[in-house]
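> Quick one: this structure, given as structure tokens, is what I'll be asking you about.
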Amino acid sequence: MSQGKCPVMHGSTTESGMSNTEWWPKTLNLDILHQHDTMTNPMAADFNYAEAVKTLDFAALKKDLLALMTDSQEWWPADWGHYGGLMIRMTWHAAGSYRIADGRGGAGTGNLRFAPLNSWPDNTNLDKARRLLWPIKKKYGNKLSWADLIAYAGTMAYESMGLNTYGFGFGREDIWHPEKDTYWGSEKEWLAPSGSENSRYSGERDLENPLAAVMMGLIYVNPEGVDGNPDPLKTAHDVRVTFERMAMNDEETVALTAGGHTVGKCHGNGDAALLSAEPEAGEIEDQGFGWLNKSKRGIGRDSVTSGIEGAWTTEPTQWDNGYFHLLLNYEWESKKSPAGAWQWEPVDVKEEDKPADVEDPSIRRNLVMTDADMAMKMDPEYRKISERFYQDPEYFSQVFARAWFKLTHRDMGPKARYIGPDVPQEDLLWQDPVPKGNTSYDVQAVIEKIKSSGLSVSEMVSTAWDSARTYRNSDKRGGANGARIRLAPQKDWPGNEPERLAKVLSVLENIAADTGASVADVIVLAGNVGVEQAASAAGVSVKVPFTPGRGDASAEMTDETSFEVLEPLHDGFRNWMKKDYVVSPEEMLLDRAQLMGLTACEMTALVGGMRVLGTNHGQSKHGVFTDNVGVLSNDFFINLTDMQYRWQPTGDNVYDIVDRASGAVKWTATRVDLVFGSNSILRAYAEVYAQDDNQEKFVNDFVAAWNKVMNADMF
Ligand code: HEM
């Protein structure tokens, strides 16, 4: 070893150097399909959180949390002796990263513990909130996930401050490493203003999808104003866009903002430059704490979080109607906080309206509003709602309690996943309710009727696939349960081939009516029958497992608009793309596979099977490189890896498969097909399936992956 070289091998142990995706930025990042597996999970493989949490002593937990709220600790004292504001902000920031476009983000996984969220500028000092909760987490152990505790703490904070909350469902299972699939934006700088490099904005302030926050490192809008310039009307635009992307309408938005800021305060009584780095960049001796003020006191009345300073209401530890009273009755002027941030302060404020200092009740402090709060007064629509809430505090409390419940549960999916004594009885439209389905019909009789219905393998398999493929693991929405493929808007989506769909559905609906099975079950059963027939044609006898019990949702149970985000704009499994997108078709395939909870291997088996089953959208001739459509053979992989052929681009993501010897065009393929031959990892899988003795393995793997898709939403 030459002198001066480090004796420790770099790479595997100490630093990662350049990753493959950095060397070759266009390479597919298959890692997104291999997250949260048993190797990263400290719990035993048979640990089932949903079962464990059922054994939690819910009453004791509630009591402990209520006690914690007013048990101020010297290392991070509670403002006015109450941690409610801090806990609520933590819960809101955990839940508020949810966005409807891809269902990612949200409080459902406990991702606030990990980068980047644990270190986002907007999440400053929420590390303190989690450390305050640690004794409770430690006490209840594996029966209580961090994700549930983070969501519940804010809810209990509201209870402790006098709000009658709407309910709570447990059941959020923790992840153990940061999510690799969530796109938070392309900017390379925290809080980069719009218009800077890789900006998320284009045109007339059009926010890139699926993003829902206006800046890298914020949950929603900039509290000082758009790009830091106070202007409540401009901020109103940002608030509306971002809250809509969190599934909130105007009324819910006003309720949440006002209800959030009815309690707690902003922290900016000091110099933000004195704070240490965020947790992920902190010194080792800080032990995961960030934003420490090591040179000055930096706690209590001297703490700095957002840089804005002051409380919104006179009694910030009580649930009351003070927010609207003050917002609507005072004139507000824009001022700078001690930390130099823009904020709004009341003109000629009455002494009795001023809140007390957080440490010394004999001192009175000034009130404050952020630019977003001012939007609740200045935007005409928001103002109408604010005035109604001001006039009717009881109505405000009810709307807020429901919106808070939605905020903290929206990414949990169906109500069947909620656990605990406080789950509300009522079915809510945003939960996409599905009635319980019949389980006592004669499954074999249904199968026989399907077999003699005259439907082709392609028709049965495509319909079942289309019914199930809307499922996304991110927020557990969509899927075959409910048979919403019969209803608007799904039945009319071009990706569902409405004409073919209507024909197949009319046959399957009759079978459902004759047998007592739900249409949802019959759709899946027909798909299974198609797969079994195609496997048998390939000489492999398989029985696709089936569990009955799906229900049929009605149009009244379906919020059409909210289903629009589930429309597949690309489905690489059916070789379909609605239009050209910025990202490549193969990246969209990966995105869909990730949302469906598939591994790269399962994705490969499914694509290979779907191609030979004749399920390409509109029976497109591209991608079907077999002479035996409808037979579940491994032909796709055999032909893909056969050096007898070469692949020639012909434009529009389409390729000719040319016989090298004769020069004849044998079949045609798409980019998505070719990725299974070109990407080194996917090719490795394709080679497995192309091997001479692996036809049966291929069928079994296809069936297992198929079954996973068909049952993904059975909770
Ligand atoms: C319109 C978007 C919103 C903006 C721009 C915004 C902005 C802010 C800012 C700047 C702070 C001060 C943080 C600090 O310095 O400690 C804050 C605190 C807080 N926010 Fe919001 N917020 C918004 C919406 C919400 C919502 C929807 C909720 C909950 C439903 C909420 C609940 C709270 C609470 C409870 C605090 C007090 C934290 C404490 O007392 O430590 N906010 N917010």
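> In square nanometres, what is the average projected area of the Cα convex hull of the chain?
Over every viewing direction, the Cα hull of the chain projects on average to 36.1 nm².
> Taking Cα atoms, how many degrees apart are the long axis of helix 84-95 and the longest axis of the chain, rounded to 10 and kept between 0 and 90?
Its long axis makes an angle of about 20 degrees.
> Peptides 443-452, 120-129, 158-167: what's the order by average Cβ count within 10 Å, highest mean first?
120-129, 158-167, 443-452
> I would also like to ask the following. Let me make sure I get this right: for region 486-611, a, b and c are the square roots of the gyration tensor eigenvalues over alpha carbons, sorted descending. Under 1.5 in a/c it's rounded, otherwise prolate if a/b > b/c, else oblate. Which is it?
Numbers: a/c = 1.88, a/b = 1.09, b/c = 1.73.
It is oblate, given that a/c is not under 1.5 and a/b is not larger than b/c.
> Let me ask you something else. Let me check I've understood the local charge: for Tyr645, count other residues with C-beta under 14 angstrom from its C-beta, Lys and Arg +1, Asp and Glu -1. What total comes out?
Counting the neighbours of Tyr645, the net charge comes to -3.
> Can you list the residues, at least 5 places off or on another chain, whose amide H is less than 5 Å from the amide H of Ala311, using H built in the peptide plane?
Result for Ala311 returns Cys266, Val368.
> Okay, moving on. Quick one: what Rg and Dmax do you get for region 570-703 from the alpha carbons, in Å?
Rg, Dmax (Cα atoms, Å): 13.8, 43.
> Separate question: Rounded to the nearest 5, what % of DSSP beta bridges with both residues in the chain are antiparallel?
90
> ³J(HN,Hα) across region 507-517 via Karplus (A = 6.51, B = -1.76, C = 1.60, θ = phi - 60°), whole Hz, x for Gly/Pro?
Karplus values, whole Hz, x for Gly and Pro: 5, 5, 5, 5, 5, 4, 5, 6, 10, x, 6.
> Using a 10 Å cut-off on Cβ atoms, rank the peptides 202-208, 584-590, 88-94 from the highest mean neighbour count down. Please list the in-between numbers first.
Details: 202-208: 11.3, 584-590: 20.6, 88-94: 26.0.
Ranked by mean Cβ neighbours within 10 Å, highest first: 88-94, 584-590, 202-208.
> What does the helix-only formula give at 222 nm for the chain: each DSSP H stretch with n ≥ 4 adding -39500 (n - 2.57), the total divided by the residues, and the result rounded to the nearest 500 deg cm²/dmol?
-11000 deg cm²/dmol
> How would region 201-394 be classified by its alpha-carbon gyration tensor: rounded, prolate or oblate, with rounded meaning a/c under 1.5 and the a/b versus b/c comparison settling the rest?
Oblate is the answer for region 201-394, as a/c is 1.5 or above yet b/c matches or exceeds a/b.
> Spelling out what I want: for every residue of region 183-189, take phi, set θ = phi - 60°, compute 6.51 cos²θ - 1.76 cosθ + 1.60 (Karplus), and round to whole Hz; glycine and proline get x.
Each residue of region 183-189 in turn: 8, 9, x, 9, 4, 9, 9 Hz.
> Here is the link list: Lys296/Lys336; Lys180/Lys708; Lys180/Lys476; Lys476/Lys708. Which ones come out longer than 24 Å on Cα distance?
none
> If the cut-off is a Cα-Cα distance under 23 Å, which lysines reach Lys63, setting aside same-chain residues fewer than 8 apart in sequence?
Within the straight-line cut-off, Lys63 pairs with Lys54, Lys128, Lys137, Lys138, Lys139, Lys143.
> Ok, one more. Give me a comma-separated list of calculated 3J(HN,Hα) values for region 40-51, in order, Karplus coefficients 6.51, -1.76, 1.60 applied at θ = phi - 60°, integers in Hz, x for any Gly or Pro.
9, 9, x, 7, 4, 4, 8, 5, 10, 4, 4, 6
> What is the fewest-to-most order of Leu640, Leu328, Leu632 by other Cβ atoms lying within 10 Å of their Cβ? Walk me through the numbers before you get to the answer.
Working: Leu640 25, Leu328 14, Leu632 29.
Ascending number of Cβ neighbours within 10 Å: Leu328, Leu640, Leu632.
> Quick one: which residues, 5+ away or cross-chain, put their amide H under 5 Å from the amide H of Glu278? H built at 1.01 Å from N.
Under 5 Å from the amide H of Glu278: Trp291.
> While we're looking at this one, here's another question. For Arg131, Arg245, which order do you get if you count the other beta carbons within 10 Å of each Cβ and list the fewest first?
Arg131, Arg245
> Counting residues in region 366-465 as N, plug N into 2.2 N^0.38 Å and put the Cα Rg over that result.
1.90
> Mind running the shape call on region 210-311? Use the C-alpha gyration tensor, a ≥ b ≥ c as the square roots of the eigenvalues: rounded below 1.5 for a/c, prolate if a/b tops b/c, oblate otherwise.
Working: a/c = 2.26, a/b = 1.80, b/c = 1.25.
Prolate shape, in that a/c is at least 1.5 and a/b is the bigger ratio.
> For region 470-546, max minus min Cα coordinate along each principal axis, in Å, sorted largest first?
That works out to 39, 34, 25 Å along the principal axes.
> Go through 601-614, 58-71, 484-497 and give me the packing order, highest mean Cβ count within 10 Å leading.
Values: 601-614: 25.1, 58-71: 15.9, 484-497: 19.0.
The peptides rank, most packed first, as 601-614, 484-497, 58-71.
Bear in mind that the values in this text are calculations on the coordinates, not laboratory data. Keep in mind that this is a model prediction, so the values were computed, not measured. Backbone-built Cβ (ideal geometry, glycine too); neighbour counts: all protein chains shown.
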